[in-house]
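Input: a single structure, listed below in structure tokens.
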Amino acid sequence: MAKENNPNNAPKKPRFSSWWIYGVVIALIIGFQFFGGSTFTNTEKTTTSELQEFLRNGDIEKIVIITNTRQAKVFLTEEALNKDVHKGVAEKPLFPSTGLVPQYVLDYGDLQIFQNEITEIKKENNLDTIIEFDTESNVLGELLLSLLPFALIIGIWIYLMRRMSGGAGGGAGGQIFNIGKSKAKLFDEKTDTRTSFKDVAGLEGAKEEVQEIVEFLKNPDKYTSLGGKIPKGALLVGPPGTGKTLLAKAVAGEAKVPFFSLSGSDFVEMFVGVGASRVRDLFKQAKDKSPAIIFIDEIDAIGRARGKNNFTGSNDERENTLNQLLTEMDGFGTNTNVIVLAATNRADVLDKALMRAGRFDRQIYVDLPDLNERKEIFEVHLRPIKTAETLDLDFLAKQTPGFSGADIANVCNEAALIAARKEKKAVTKQDFLDAVDRIVGGLEKKNKIITPEEKKTIAYHEAGHATVSWMLEHAAPLVKVTIVPRGQSLGAAWYLPEERLIVRPEQMLDEMCATMGGRAAEKVMFDKISTGALSDLEKVTKQARAMVTIYGLNDELGNITYYDSSGQNEYGFTKPYSEETAQKIDLEISKMIEAQYQRAIKLLADNKDKLTELAERLLEKEVIFKDDLEKIFGKRPFEKEELEEATK
């Protein structure tokens, strides 16, 4: 019969809904209106003298004397209700048929005196007014009155809980208390997760580590037969865009075990205790489906070091959530069949208790891709791109030093958009170069109004950069110089830096000298300087400060560093050195920058004619390449073969 009445197989409506709550509250209000005495009626208070006057005029039909509350209820006759003196109470009560609603009430003093006065007036005026005595108070009305505020508060609270838990409409009763439940999304073998390890290019070391974690759960006997234990957790650490979340997606696609994915901010809520409750619920679900994997993205949202920023002195909800997470990962009653993966680019702020072995047994550093890894990443992201020719992936990889995987994906997408904007049928090599320029330098602004004098200054500034970098052995080789405004810059020079694992002082000093070449050119050619060197000054100041305070590359201060790799500054807001040392640091930074500035001025003064020729060519063509510099300066005698090939 049920199927016939429900042909669409629609789910049955739950027995409990929010309308039940509203109905109960309305019933309470109506019930109180019905039984609640004088609170919701037209009943007015009167005095004994007024009552005696009403009684002499024959307006009173009945007086009910409540002996235990020293209160009397006065009921008027039909004729009295039409008199002007009773106009305020002339309206009929809400439930006139009950006879329970008086027109007046009064508080009397002594019962015997009050009774004698009424009886005497009744006899004098020969009245048939009914006088009754009652000892029953309105217990039900008083009870409803006391419960009504609580009923309203409970109804409003339940309504808010339903809204916060997503239960709009007549949801099941269990959804009301859903706020403490975990928000993790479950992936399993039935879920359509198409990302696999084939989609993760480069990152061979990190990929091998997470592949082994999947293998732990698929074939645990292989690793435990020799007495080993399966790791409880792995932390993916690295700069933004390097593929930490992508690795986790690949694990979800490859693992044949339940995979719970959520963000660190999913634990955070405005209510006290919700974060810890969600952690407990998450691990309970994972244990019920073990073996399983839990992935927490951006774990620094709840994993920050405890006690560092709690200035209020109150109990921190985030710390409670972290404490519960620590207990679940390695405490009494933990389950070894649940592995926790987490990702962050701020490992320095994480709590030490979270980082220890037994919780995150492995820390997998996901670094920016090198040359070969960038080539592999291009291969992945070029699959859906329709290209007009066979692209030289080595060339593209060399043109994108320091790019993360996300940056390379953006380059491929921008190249396709640029080609479509130009009405092309396929993407060409030049589109990729334009995309790199777009991402590195910003949007080209050919219509920006620049005076001839400003344009000349910009040309000599950029020619100064190019000239100094060409003359110095350790400076990055030039790729392209332009005076076409891009983004916030009025001109730009593109270089192809050598990918080094360690940097020596002479290399950093050469780079600083090349950076100061722009301002030095303005000084040599015009004997004036401008604000155009702001970004250059910012860059060299950071480099000089790093040499002095971080890397210990300054002879005056010696082999000392004030860098805290943990990110947890034990000195608080104070500097970890004295005021005297601070003055030395400032002096050494200034001396270092000024020395490279004078060095750049000398180089440009010695090659002033070539600087002028390069600037004039730049004014003429607006964009020049390495070939133009070779025609003016000749080949760099110290240029390495591989860099020469890279800039062709």
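The values are calculated or read from the model by the stated rules, or taken from the named source; none is laboratory data. Just so we're clear, the structure is a prediction, and the values are computed from it rather than from any experiment. Here the Cβ positions follow ideal geometry from the backbone for every residue, glycine too, while neighbour counts run over all protein chains shown. Just so you know, the surface numbers come from the protein's heavy atoms only, side chains and all, with ligands and any DNA or RNA stripped out. Shrake-Rupley method; radii C 1.70, N 1.55, O 1.52, S 1.80 Å.
Things worth noting here:
- Residue match in region 547-555 (condition: assigned to a helix (DSSP H, G or I), modelled with pLDDT of 85 or more, surrounded by 13 or more Cβ atoms within 10 Å (Cβ to Cβ) and not β-branched (V, I, T)): yes
- Across region 513-538, the qualifying residues are those that are within 37 Å of the chain's Cα centre (by Cα) and among the aliphatic types (A, V, I, L, M), and the one among them that is modelled with the highest pLDDT is L537.
- Residues satisfying the stated conditions in region 253-273, i.e. under 12 Å from T195 (Cβ atoms) and in a helix (DSSP H, G or I): G253, E254
- You will find that of V468, V540, V484, the residue that is out of contact with any Leu (no Cβ under 8 Å at 6 or more places or on another chain), under 16 Å from L614 (Cα atoms) and not hydroxyl-bearing (S, T, Y) is V484 and no other.
- In region 617-639, the residues that are within 17 Å of E462 (Cα to Cα) and open to solvent by 90 Å² or more (accessible area, probe 1.4 Å): E620, K621, F625, D627
- Per-region count, region 218-235, residues buried (at least 19 other Cβ atoms within 10 Å of the Cβ) and over 20 Å from the mean Cα position of the chain (by Cα): 4
- Among the conditions (1) at pLDDT below 85; (2) open to solvent by less than 50 Å² (accessible area, probe 1.4 Å); (3) under 14 Å from L368 (Cα atoms), the only one that E204 does not satisfy is (2).
- In region 56-81, the residues that are over 16 Å from T119 (Cβ atoms), of a type in the set (D, E, K, R) and either open to solvent by 50 Å² or more (accessible area, probe 1.4 Å) or assigned to a strand (DSSP E or B) (or both): E61, R70, K73, E78, E79
- Any pair with Cβ under 9 angstrom, 6 or more apart, that starts in region 413-435 at a residue that is within 16 Å of L396 (Cβ to Cβ) and ends at one that is part of a loop (DSSP other than H, G, I, E, B) and among the hydroxyl-bearing types (S, T, Y): A415/T428; A419/T428
- The residues on offer are A397, A459, A435, and the sole one that is over 24 Å from L490 (Cβ atoms) and in a helix (DSSP H, G or I) is A397.
- Options R280, R306, R318: the member that is in a loop (DSSP other than H, G, I, E, B), out of contact with any Pro (no Cβ under 9 Å at 6 or more places or on another chain) and at pLDDT 75 or above: R306
- Any hit, region 441-449, residues being modelled with pLDDT under 80, in a helix (DSSP H, G or I) and either open to solvent by 10 Å² or more (accessible area, probe 1.4 Å) or aromatic (F, W, Y) (or both): yes
- Restricting region 236-252 to residues that are within 20 Å of S290 (Cβ to Cβ) and either part of a loop (DSSP other than H, G, I, E, B) or of a type in the set (G, A, S) (or both), the residue that is nearest to the chain's Cα centre (by Cα): A248
- Whichever residue in region 275-310 is charged (D, E, K, R) and touching a Gly at 6+ places or on another chain (Cβ under 9 Å) and, among such residues, is most open to solvent (accessible area, probe 1.4 Å): R280
- Looking only at residues of region 396-434 that are closer than 15 Å to A201 by Cβ and hydrophobic (A, V, I, L, M, F, W, C), we find that the one that is most open to solvent (accessible area, probe 1.4 Å) is A406.
- Residue check for A397: at pLDDT 85 or above and under 18 Å from D434 (Cα atoms): yes
- Filter result for A409 (in contact with a Lys or Arg (Cβ under 9 Å, 6 or more places away or on another chain) and in a helix (DSSP H, G or I)): no
- Some residue of region 368-391 being among the small types (G, A, S) and crowded, with 19+ Cβ neighbours inside 10 Å: no
- Cβ-Cβ under 6 Å pairs, at least 6 apart or on other chains, region 626-646 side assigned to a loop (DSSP other than H, G, I, E, B), far side at pLDDT 50 or above: F638/E473
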